[in-house]
Structure formats: C-alpha cells, structure tokens
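Here's the structure we're looking at; comments come further down.
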Amino acid sequence: MRTIAKPTLIAKDVFLECISTVNDLVLKQSYEICQDLIEAAAQDFDNKFPLLEIYQIPQNLTVLGNIGKKEMKSVYTYRMVTPGMPGNTFYNKLKNAAPYGKCPLCSVRLVETLDHYLPKSLYPILSVAPVNLIPACGSCNTEKKISFPTNSIEQTFHPYYDDVQDESWIRATLLPFEPFGFYYFVECPSNWEQIKKDRAKNHFNSFKLNELFTAHANEEFRGAKNQMKNLYNQHPNQLIEHLNEAFTSRRDELGVNSWQAVMYHSLLKDNWFIQGGVLNF
Ligand SMILES: [Zn+2]
C-alpha cells in the first residue's frame, strides 16, 4: 500500500464543475441545491476516516429531492470520467497522482481508473468527493466493487489517510517442497495496535495480495535461480552478499513491503536456502 498526499480539491467545486454543462435547467437546479450536502458528506468522510468510523456513514440512495443514485452515477460516469467533459480535468488529476502510475492499493499493477472507497451505488452522495476517489488498477477496483466496511477492522487502508509504507508488515517464505514457490503473509510490527494489525490483514486479503505477489516472485525466482546457484558454488558467502544487495537496493528504491524486497529478504533470512538449499531448485 502506497501513500498519496490527500487531494486538496473541494468536493463542492468538483461537483459544480461537473454539472456546469447540464442543459436541462430544472435538473441543473435540482443538482445545485445538493452542493452543500455533498460538501458536508465529504467533510464527514474526512473526519471519520482517522477515527475508524467510516462504517457509521449511512447508506442513502437519495441525496436530496429527485437527485439520487442514478443521477449521481450519471454525474460521475458521464460528466467526470468522459474525456472532454468539464469534470474530466479533476478525474485525470486524481488518477495521475499515483507515483509512477502504479496502483497504490496493490503497488504492482498500473492505474486504470478511480476506485470509490465507499461505492457510489450505496453512497451516491460521495460519487465525486475527491477523498472517496482513489487511483486504482482495474483488478483492485473490481475486487471491492460493492464492499463497504461494517466495523473499524473492515476499514481497509486508504492511500490518503494511512501511511504504512515505511514499516515492514508484509513477509514471505519460500516453500521448500512441491509446489515450490513463495508464500506471502502479514506480520505487523509488534508496536502496532491490534486494530491496525487487523486492518492490515484485511487489506492484504481483500486485494488478494498473496496471489499477486507470489505470481511475480515465483517468476523472478525462476529467472534468478541459476545465478544464485552459481554464486553459491563459487562460495556460499557470495550468495549471501548478493541477496543482501538485492534486498537493500529493492527496499531502498521500491519500498520495504514491495514484493521484490520481501522476496529477497525471505531468501536472505532462510538458513536452509543459503546453506545449500538453493541447489535444490
Ligand atoms: Zn491494484
């Protein structure tokens, strides 16, 4: 999970820009009278997130009057996502905020869309609220399509509010038996509160990070194993030095929880592997 600076965009401004070209004046007026409620809902989200009270936000399919789920979906899908429409500038700005174009939720795949942290189908009032819109890859977006937290533990990490990228909380182990491969799991720092540990596990499981990281690590390992065997055969210390360098450079450049850093760290700490187990692959 990668942290992104919380957008400074104001929900009300985004909404008003999106509806600025609505031709039907009656409809436009119906939208306009929702602006303060939309801004208040975004501020409520912003207040509740750090308190882990997102689950308390009510699901309401109507915003005000005849503006509800269908009308807000149209504002987002037609007036914000569609290129050339007034709100599209905001859409692109939010989408492009992810460093290196990588999805902050999985840290692996490319950003393709904006994910609604609270789904717009259940919380239409937050359809265009910047704090509810996270740049995401298609898979992470699909994974949690209509899920929503029902308690604090289910409040998965959010790139604008949770900074967990510099502390090691993801680990891996190389399974030395068939089927060979890496297994990733969550092991949080002992000084984390239990609720943060539970949220970490929930985030990891919700986005199926074990499967994703394992697939990448297994491929990397296949490509690197002959080099590692050669180094071990020259001298066991050469393998250890190589693993140490591979780990530290990935940790420093890609992050301590990147699948790459975690993978090399697991090999470095695997006594069986560095004492000759490498030759079994
Ligand atoms: Zn992703």
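Only residues in segment 96-120 that are free of Cβ contacts under 8 Å to residues at least 12 places away in the same chain and over 29 Å from ASN60 (Cα atoms) count as the first member; pair them with residues that are open to solvent by less than 60 Å² (accessible area, probe 1.4 Å) and within 12 Å of the ligand (Cβ to nearest atom), Cβ under 8 angstrom, at least 6 apart or cross-chain, and list the lot.
GLY101/VAL111
Against the conditions (1) open to solvent by 70 Å² or more (accessible area, probe 1.4 Å); (2) at pLDDT below 95; (3) touching a strand residue (DSSP E or B) at 6+ places or on another chain (Cβ under 9 Å), where does GLY181 fall short? Just the number, please.
(1)
Could you look through segment 3-29, keep only residues that are free of Cβ contacts under 8 Å to residues at least 40 places away in the same chain and of a type in the set (S, T, N, Q), and pick out the one that is nearest to ASN96 (Cα to Cα)?
THR8
Considering only residues of segment 164-174 that are more than 16 Å from the ligand (Cβ to nearest atom) and among the polar types (S, T, N, Q), which is most open to solvent (accessible area, probe 1.4 Å)?
Here the answer is THR173.
Can you tell me which residue within segment 130-163, out of those that are within 16 Å of the ligand (Cβ to nearest atom), open to solvent by 60 Å² or more (accessible area, probe 1.4 Å) and charged (D, E, K, R), is nearest to GLN43 (Cα to Cα)?
Looking at residues that are within 16 Å of the ligand (Cβ to nearest atom), open to solvent by 60 Å² or more (accessible area, probe 1.4 Å) and charged (D, E, K, R), I get LYS145.
Please go through segment 197-248 and give me each residue that is in a helix (DSSP H, G or I) and aromatic (Phe, Trp, Tyr), ordered by number.
PHE204, PHE213, PHE221, TYR232, PHE247
Given the conditions (1) more than 16 Å from the ligand (Cβ to nearest atom); (2) open to solvent by 10 Å² or more (accessible area, probe 1.4 Å); (3) touching a residue at least 24 places away in the same chain (Cβ under 8 Å); (4) small (Gly, Ala, Ser), and given that GLY87 satisfies all but one, which numbered condition is not satisfied?
The one condition GLY87 does not meet is (2).
The values are calculated or read from the model by the stated rules, or taken from the named source; none is laboratory data. Keep in mind that what you see is a predicted model, and the values were worked out from it rather than measured. Note that each Cβ is placed from the backbone with ideal geometry, even for glycine, and that neighbours are counted across all protein chains shown. Please note that ligands, DNA and RNA were not included when accessible areas were found on the heavy atoms of the full protein model with its side chains. Shrake-Rupley method; radii C 1.70, N 1.55, O 1.52, S 1.80 Å.
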